[in-house]
1. What are the pairs with Cβ atoms under 7 angstrom where one residue, in region B:220-241, is farther than 18 Å from B:GLY89 by Cβ and without any contact (Cβ under 8 Å) to a residue 24 or more places away in the chain and the other, located anywhere, is buried (at least 21 other Cβ atoms within 10 Å of the Cβ) and not acidic (Asp, Glu)? Sequence gap at least six, or different chains.
2. Considering each residue of region A:110-131, count those that are away from chain B (no Cβ under 11 Å) and assigned to a helix (DSSP H, G or I), and give that number.
3. When A:ASP180 is evaluated against the numbered criteria (1) in contact with a Leu (Cβ under 6 Å, 6 or more places away or on another chain); (2) within 16 Å of ligand 2 (Cβ to nearest atom); (3) over 21 Å from A:PRO43 (Cα atoms), which criterion, by number, is the only one it fails?
4. With the condition being at pLDDT 90 or above and of a type in the set (Gly, Ala, Ser), I'd like the helices (runs of 4 or more DSSP H) fully within region A:147-245 carrying at least 2 qualifying residues.
5. Would you be able to say whether some residue in region B:158-172 is in contact with a helix residue (DSSP H, G or I) (Cβ under 9 Å, 6 or more places away or on another chain) and under 15 Å from B:ASP202 (Cα atoms)?
6. Using the structure shown, decide if B:LYS177 is among the basic types (Lys, Arg), touching a residue at least 40 places away in the same chain (Cβ under 8 Å) and either touching a strand residue (DSSP E or B) at 6+ places or on another chain (Cβ under 8 Å) or surrounded by fewer than 15 Cβ atoms within 10 Å (Cβ to Cβ) (or both).
7. Could you identify the single residue in B:VAL289, B:VAL259, B:VAL249 that is away from chain A (no Cβ under 14 Å), out of contact with any helix residue (DSSP H, G or I) (no Cβ under 8 Å at 6 or more places or on another chain) and hydrophobic (A, V, I, L, M, F, W, C)?
8. Which of (1) within 12 Å of ligand 2 (Cβ to nearest atom); (2) touching a Leu at 6+ places or on another chain (Cβ under 9 Å); (3) part of a loop (DSSP other than H, G, I, E, B) does A:PHE49 not meet, given it meets every other one?
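The values are calculated or read from the model by the stated rules, or taken from the named source; none is laboratory data. Quick caveat: nothing in here was measured; it's all calculated off a predicted structure. Reconstructed Cβ throughout: ideal geometry from the backbone, glycine too, with neighbour counts over all protein chains shown.
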Amino acid sequence: MGLVVAENITKVYSVVATKVSKDYQSGEIAIRALNEVSFEIEPASFVSFVGPSGSGKTTLLNLIGCLDKPTKGKLKVAGTDVLHLDRKQSASFRGNNIGFIFQDFNLIPVLTVYENIEYPLLMVQNIPGGERKKRILTMLDAVGMIDQKDKYPDQISGGQKQRVAIARALVTNPKLVLADEPTANLDHKTAFLVLESMKKMRNEFQTTFIFSTHDQKIVGEAEIIYNLEDGELVGKQVKGGKTNA
Amino acid sequence: MRNLSKIAIRNLLRYKRRTLLTASLVTIGVIFVLLFISISGSFKNMMVGQMTDSMLGHLEVHRKGYLASIDNLPLNLNLKLQAYQKLEGILKKEPEVEAFSPRIKFGGMFSTFVETTNVRLNGVYTDAEFKTVPLLTSRIIKGAKTLNKGEILIPDLLAAGMKVNVGDTVVVIATNKDGSINGKQFKVAGVLESITGPGGRDGYIHFEDAMAVLRMEEMEVSEVAIRLKDFGQLHAFSDKLERLLSGEVNKQGKPIYEVSTWEKLSPFYNVARMIDAMAFFIKLMLIAVVLVSIMNVMIMAVYERIREIGTIAAIGTRPGKILSMFVLEGLFLGTMGALAGDLIGGVIILILNRVGITFDFGRQTGLVLSATIAPFDVLMISIIVIFISVVASLQPAFKASRMEPIKALRHV
Ligand SMILES: Nc1ncnc2c1ncn2[C@@H]1O[C@H](COP(=O)(O)OP(=O)(O)O)[C@@H](O)[C@H]1O
Ligand SMILES: [Mg+2]
């Protein structure tokens with residue numbers, strides 16, 4: 001028994017949310033976008049938050065991504081209590097611990113595929129040249145974009161852009177990768193390929209992946225699914241496991 | 001820094017036409033300023049040179065009080081021999097002095113035996129005078145470029161009006177300070193081109209002839225013109241000379257000498273100051289043009305790239321880096337414009353000199369302007385433009401660096 005307790009205490013979760021709420025002030029009235037949401041996410045898991053538009057997915061991912069602060073509750077990301085970080089600390093916390101994948105890919109248009117992946121190493125982490133090159137090539141290879149490395153974002157397809165974005169998110173060896181509706185702008189076939197890519201990267205680098213979607217067809221790709229509705233967690237499914245209501 | 005620069009330059013190239021337009025605006029501004037400074041500055045220097053090198057000298061020393069009534073050429077306000085000798089001793093010792101020339105100035109009658117008119121004359125020692133105002137010889141348009149005893153150089157207006165030619169014999173009659181009248185015959189050695197400004201229509205005779213006409217037993221001097229080795233030393237030397245002479249006082253305890261630079265002696269000084277003031281305002285306009293055009297472009301650049309800014313901020317780029325990225329963009333834009341302006345402006349100045357701009361000043365016609373610009377001026381203007389470009393980018397860049405990533409990412 002004592003052993004089990006010890007294990008629970010030392011277990012480092014990727015994310016621990018305890019009764020997290022988020023209100024948006026909209027004029028006089030406050031809109032509650034998230035209401036007392038609690039969950040834990042284990043390292044190297046492949047998690048999806050699913051819910052209709054307006055259910056609070058983006059809000060939640062922004063909180064986990066340290067881009068915004070909860071109104072109430074406790075939130076630990078990668079072992080750090082992120083509630084008290086200031087602007088600069090938040091920026092460097094994000095730079096060192098979190099990879100971002102965006103719905104619109106958000107590659108930097110004036111940089112090539114190679115340079116886009118290089119960007120966080122160069123501008124955020126200051127990784128030296130040799131090491132940098134090795135890591136970028138590894139990533140390019142992993143997402144199958146090595147032949148396209150000198151192209152600019154406007155010369156490649158949407159699916160390819162998102163694969164570059166995945167490489168950019170992972171090249172810094174983050175503890176977790178956040179992807180807010182990463183496939184919303186892709187056709188189904190490409191969407192599945194991008195999710196395959198993400199899963200492959202998870203397997204290879206043991207990074208936690210958290211993505212959101214409102215598309216029921218791709219939800220099945222996740223291993224753990226949280227259902228969001230009107231800012232509340234209404235269910236959790238573990239693939240091949242049981243469903244909690 | 002290199003990577004920030006790379007991104008900044010690529011962003012500038014991304015909107016080629018806009019970059020080109022803004023840079024051109026800066027370039028045109030720089031060209032105008034360079035041309036204006038070069039032409040007006042050269043005009044000014046040339047006029048100052050004309051003034052100082054053919055008539056006034058760089059500075060002059062008079063007996064205190066002479067200058068106030070210089071239009072009357074008062075003979076009773078000359079420096080006496082002793083006072084002159086003292087001054088001469090000082091001027092010979094000072095290393096800044098290239099040459100100096102004592103003059104007797106007086107007014108008299110000029111007669112061709114047929115007609116008579118008024119004339120203002122300078123009695124000078126030829127060598128000293130020619131060394132002190134070297135352009136004087138170039139004003140001699142007829143006759144030999146010398147002045148010996150018994151000879152007179154007369155202004156062209158007088159020569160034309162009285163129909164006098166080189167070689168003719170004329171008579172100069174003058175009243176000395178005691179009121180006695182005396183005359184003396186002279187041979188016309190040359191005709192002087194008249195120029196605008198005080199003393200521009202004076203005749204010249206030898207110092208000793210002047211003493212003879214005025215029946216001076218002892219040397220007296222109306223003014224001493226001084227030429228310096230370095231014109232840039234003018235004010236420093238003028239102050240120094242004033243200090244050196246300030247000890248010399250008369251019985252009433254009043255100073256004997258009065259030192260005046262050309263600026264005090266020539267009305268052209270005000271024109272020169274106007275030119276400087278105009279150059280200053282043109283520079284201010286350039287600053288305004290650069291400020292507004294760069295700021296305008298940078299505000300647009302930030303606005304267009306809000307989502308990109310959100311992305312790089314979300315990824316973890318520090319606000320300072322984002323700020324630098326945009327400031328560098330403004331800096332490069334300004335630098336591009338300034339360099340192009342320097343280059344084109346320089347070429348235009350070269351071409352102007354090849355072609356040769358001529359202009360008239362007073363009665364002088366066909367003066368050829370040599371437009372020059374000091375490398376220091378080019379450097380200063382470029383630095384000002386580049387500095388203003390940075391200042392103009394600061395506000396938009398600061399705004400970019402302070403953006404909330406989520407708001408920026410949501411921007412459409
Ligand atoms: N900045 C904001 N200001 C006010 N209300 C917001 C803001 N962002 C989101 N909301 C509101 O919060 C709720 C959740 O939004 P969001 O997290 O974007 O949902 P989802 O990503 O699931 O579509 C919605 O009702 C939305 O209108
Ligand atoms: Mg959303």
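1. Pairs that qualify, where the first residue is farther than 18 Å from B:GLY89 by Cβ and without any contact (Cβ under 8 Å) to a residue 24 or more places away in the chain and the partner is buried (at least 21 other Cβ atoms within 10 Å of the Cβ) and not acidic (Asp, Glu): there are none.
2. Within region A:110-131, the subset away from chain B (no Cβ under 11 Å) is A:113-114, A:117, A:127-131.
Still in the list and also assigned to a helix (DSSP H, G or I): A:113-114, A:117, A:129-131.
Total satisfying the criteria: 6.
3. (3)
4. Working: elements: A:158-170, A:188-205, A:216-219.
Those helices (runs of 4 or more DSSP H) span A:158-170.
5. Yes: one or more hits.
6. Details: among the basic types (Lys, Arg): yes; touching a residue at least 40 places away in the same chain (Cβ under 8 Å): yes; either touching a strand residue (DSSP E or B) at 6+ places or on another chain (Cβ under 8 Å) or surrounded by fewer than 15 Cβ atoms within 10 Å (Cβ to Cβ) (or both): no.
Criteria not met by B:LYS177.
7. On the way: B:VAL289 fails: out of contact with any helix residue (DSSP H, G or I) (no Cβ under 8 Å at 6 or more places or on another chain); B:VAL259 fails: out of contact with any helix residue (DSSP H, G or I) (no Cβ under 8 Å at 6 or more places or on another chain).
After ruling out the rest, the residue left standing is B:VAL249.
8. Failed condition: (3).
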